[in-house]
Amino acid sequence: MKQGSRLAEILGGSMLPVNSMHHQAIKDLAPGLKPTAYAPDGIIEGVEGTNGQYLIAVQWHPEELADSQPGMKRLFSTFVDAAAA
């Protein structure tokens, strides 16, 4: 995870095991997005918006890790908090 990113702050670390199970990957990011998490092979695993809004997208399945990794549960709770604001 990129230090200083919202995703790293929420998940609580710079390296975390994730359950990445995809056969597609991001090639080109749209304007207004920045990569904030990478797999060891360089594939983008997480992105965030650049204008301060709550926009986080991940290429893994945090719902399957929420019971074993507190950071994954925080990812959901921060989303709910942002949506309620």
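Before moving on, here are some points about what is shown:
- Note on segment 64-85: residues that are modelled with pLDDT of 90 or more and open to solvent by 50 Å² or more (accessible area, probe 1.4 Å) total 12.
- Those residues of segment 40-61 which are surrounded by 14 or more Cβ atoms within 10 Å (Cβ to Cβ) and without any contact (Cβ under 8 Å) to a residue 40 or more places away in the chain, in sequence order: Ile43, Ile44, Glu45, Val47, Gly49, Leu55, Ala57, Gln59
- Selected residue [under 14 Å from the mean Cα position of the chain (by Cα), at pLDDT below 90 and open to solvent by 60 Å² or more (accessible area, probe 1.4 Å)] from Met21, Met15: Met15
- Residue within segment 9-32 that is within 21 Å of Ala83 (Cα to Cα) and without any contact (Cβ under 8 Å) to a residue 12 or more places away in the chain present: yes
The values are calculated or read from the model by the stated rules, or taken from the named source; none is laboratory data. Computed from a predicted model, the values in this text were never measured in an experiment. Heads up, the Cβs are rebuilt from the backbone with ideal geometry, glycines too, and the neighbour counts pull from every protein chain shown. Heads up: the accessible areas ignore ligands, DNA and RNA and are worked out on the full protein's heavy atoms, side chains in. Shrake-Rupley method; radii C 1.70, N 1.55, O 1.52, S 1.80 Å.
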